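Note sheet for the following structure.
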Amino acid sequence: MMSKKSKRAGQRPPSQRQLRVGEELRHVISQVIERGDLHDPDLAGVSITVSEVRISPDLGNATIFVTRLGGGQAAEMIEALGRAAPFLRRQVAEKVHLRRVPNLIFEADTSFDYAEHIGHILEDVQGDDAEQPERISQEED
């Protein structure tokens with residue numbers, strides 16, 4: 001049986017400090033990627049967007065959600081960013097004043113794909129609604 005404390009820990013919203021540190025990390029990592037300081041062949045010529053950074057309550061781990069502009073090959077991008085994580089961590093240590101620099105964990109941000117999927121569903125529903133009046137008028141004749 002789970003204790004009350006462990007149940008609440010998963011449902012607790014991020015603290016103001018977590019949000020602030022996560023946003024600062026997002027800015028620093030975005031700047032490093034934008035400047036082209038990463039010299040990995042899998043990241044050459046790739047436009048990457050850092051959409052969100054979620055940081056653990058103890059500020060020890062940071063999950064960075066990234067997406068590739070134009071889509072495609074998310075697994076290769078995540079793997080390449082994982083290889084670049086020590087470099088990015090050093091950059092974060094230089095620019096953000098924290099007692100301990102968090103471990104950087106990269107994940108593909110699927111929210112854009114999900115939003116596009118919902119958009120297609122809504123278009124299909126709207127297309128069906130547009131056909132409804134035509135069917136009704138044909139049935140009345």
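Beyond 20 Å, what percent of the Cα pairs of segment 54-112 remain?
Cα-Cα pairs in segment 54-112 separated by more than 20 Å: 30 percent.
Around I64, under 10 Å between beta carbons, what's the net of Lys plus Arg minus Asp minus Glu among the other residues?
Charge balance in the 10 Å sphere: -1.
Obtain the nm distance between the two label points defined at L122 and Q31 by a simple spin-label model: each point lies 7 Å from its Cα along the Cα-to-C-beta direction.
Going from the L122 label point to the Q31 one covers 3.5 nm.
Scan around D109 for amide H atoms under 5 Å from its own, H built in the peptide plane at 1.01 Å from N, and keep only partners 5 or more places away or cross-chain.
Under 5 Å from the amide H of D109 lie the amide H atoms of V66, T67, each far enough along the sequence or on another chain.
Which three extents, in whole angstrom, do the alpha-carbon atoms of segment 1-119 cover along their principal axes, largest first?
Principal-axis extents of segment 1-119 (Cα, largest first): 48, 41, 24 Å.
Tell me, what is the percent relative contact order of segment 14-109, built from C-alpha pairs under 8 Å that lie six or more residues apart?
32
What ³J(HN,Hα) values, in whole Hz, does the Karplus curve 6.51 cos²θ - 1.76 cosθ + 1.60 give for segment 48-63 when θ = phi - 60°, with x put for Gly and Pro?
Using θ = phi - 60°, the values come out as 10, 10, 8, 8, 7, 10, 10, 10, 5, x, 8, 6, x, 10, 10, 9 Hz.
Every read-out reported here was derived from the displayed coordinates using simple, explicitly stated rules and does not represent laboratory data. These numbers come from a predicted model, not from an experiment. In this analysis, Cβ positions are derived from the backbone assuming ideal geometry, glycine residues included, and neighbour counts consider all displayed protein chains.
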